[in-house]
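Structure record follows, encoded as structure tokens.
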Amino acid sequence: MRTIDTLGDLRGKRVLVRSDFNVPLKDGQITDDGRIKAALPTLTRLVEAGAKVVIMAHLGRPKGEVKPEFSLAPVVTRLGELIDAPVTLAGDVVGEGARAAVEALSDGEIVLLENVRFDKRENSKDDAEREELAQAYAELGDVFVSDGFGVVHRKQASVYDIAKKLPSAAGELVVKEIESLRRATDDPERPYGVVLGGSKVSDKLGVIKNLLNKADFLLIGGGMAYTFLAAQGYSVGKSLLEEDQIDTVKGYLETAKEKGVELLLPVDTVVAPEFKADAPATVVASNEIPQDQMGLDIGPETAKLFAEKIADAKTVAWNGPMGVFEMEAFAKGTKAVAEALSTSDCFSVIGGGDSAAAVRQLGFDESTFSHISTGGGASLELLEGKELPGIAVLED
């Protein structure tokens, strides 16, 4: 994979950078600036090299329309506070405002183009439409640096098509993401374990299928666990259940047994009569979930069991919370897994999305984990063994 080193001297050059600034907002204020901070190593390197930095990024799902609530203005403000360089916002994506803003750049300055998803061609399924937009991007830069890991699994104009128009390379963040995730999947130090959670088993079918050929053990929690329990013949009450996946899951249980992969399911479950923060919570055995109750977290015995398995591992990848961690009564399972990983000597990779959000929300020191991914979907597809278009286009 080509890196920034392959681009040569960047002083005075217009460097187009694809970043992932899809940050959460509340009342126009950024509530988690993790993705902006993750972009700083690449942006700082380019500024110090004397490049004219032109950033492309998205926020939310404006669906090809200019919507003020999805403007990148809050990002410009925060980035300006975090980096030692002038930062401005262009008036549009590739129009007169963008061209004028780029033209006005001096060496070591940054301009952020307006939300690329304001232009419907960005996500178009029509190759020609995306290519047309990519050509407009290319006219604003001399070289391209891909540093938005959260979007490298997508064929989008600012991710994939632009890389074919200009000399291109991976930024510091993308290099770190790929190296860490491949270390945790391609040639892991063993014992190698994977913790999977989240609401739906259907979201992770490809991951499970791929990991049954690689992992020494799988720990299954979250809403997806109830489909596994149902596949073993247990009643799961009002818990989340994907009945159409039961036969598939039965097959995975058989495959795990045949391949000698230890697949551990919750032995106890925290249940409540309804999905509410103040619903009365009780702990029951996972094979005795009452008909009028729903499972909302793994129980304390399961948390202890999972923590012991993590403690014995040399490599662990984690994707998906163990319960409804946003509600205090149902956060203990997720907290136990995070605690076990943070105190372990293993190489630990947290696969973005809700898992990364949980680690931050529950107050863990991020430096105690080997790597926290910035891309939930991209990290999942790597765990599945899929080729990522935005990475493949950067490889020689």
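General observations
- Proximal aspartates and glutamates to Lys238, defined as alpha-carbon separation beneath 18 angstrom and excluding residues fewer than eight positions away on the same chain: Asp268, Glu274, Asp278, Glu288, Asp292, Asp297
- Among beta bridges identified by DSSP and lying wholly in the range 271-396, the antiparallel ones come to about 35 percent.
- From the alpha carbon centroid of the range 283-300 to that of the range 185-252 is 18 Å.
- Cα-based shape type of the range 227-315, given that a ≥ b ≥ c are square roots of the gyration tensor eigenvalues and the cut on a/c is 1.5: oblate
- Near-label residues of the range 335-359 by backbone N, under 20 Å of a point 7 Å along Cα→Cβ of Val283: 335-341
- Out-of-range pairs (alpha-carbon distance over 28 Å; input Lys26/Lys120; Lys257/Lys386; Lys164/Lys209; Lys37/Lys125; Lys63/Lys200): Lys164/Lys209; Lys37/Lys125
- Amide H partners (placed H, <5 Å) of Leu263, local residues excluded: Leu218
- Its relative contact order, with pairs defined as Cα atoms under 8 Å and 6+ residues apart, puts the range 61-198 at 19 percent.
- Computed Kirkwood radius, in angstrom, where 1/r is averaged over Cα pairs of the range 261-389: 15.4 Å
- Between helix 332-342 and the chain there is an angle of about 60 degrees, using the helix long axis and the longest principal axis of the Cα atoms.
- Among beta bridges from DSSP that stay inside the chain, the antiparallel ones total about 20%.
- The heavy atoms of Glu139 offer some 120 square angstrom of accessible surface to a 1.4 angstrom probe.
- Excluding same-chain neighbours fewer than eight residues apart, the lysines reachable from Lys304 by a Cα-Cα span under 16 Å are Lys332, Lys335.
- Alpha carbon centroid spacing (whole Å) that separates the range 1-56 from the range 77-95: 10 Å
- Cα-derived Rg to Rh of the chain, Kirkwood definition: 1.01
- Using a Förster distance of 51 Å, the FRET efficiency for Tyr234-Arg45 (Cβ separation, nearest 0.05): 0.45
The values are calculated or read from the model by the stated rules, or taken from the named source; none is laboratory data. Remember, predicted model here, so these are calculated numbers, not experimental data. Note: ideal-geometry Cβ built from the backbone for every residue, glycine included; neighbour counts use all protein chains shown. Only protein heavy atoms, including side chains, enter the accessible area calculation; ligands, DNA and RNA are left aside. Shrake-Rupley method; radii C 1.70, N 1.55, O 1.52, S 1.80 Å.
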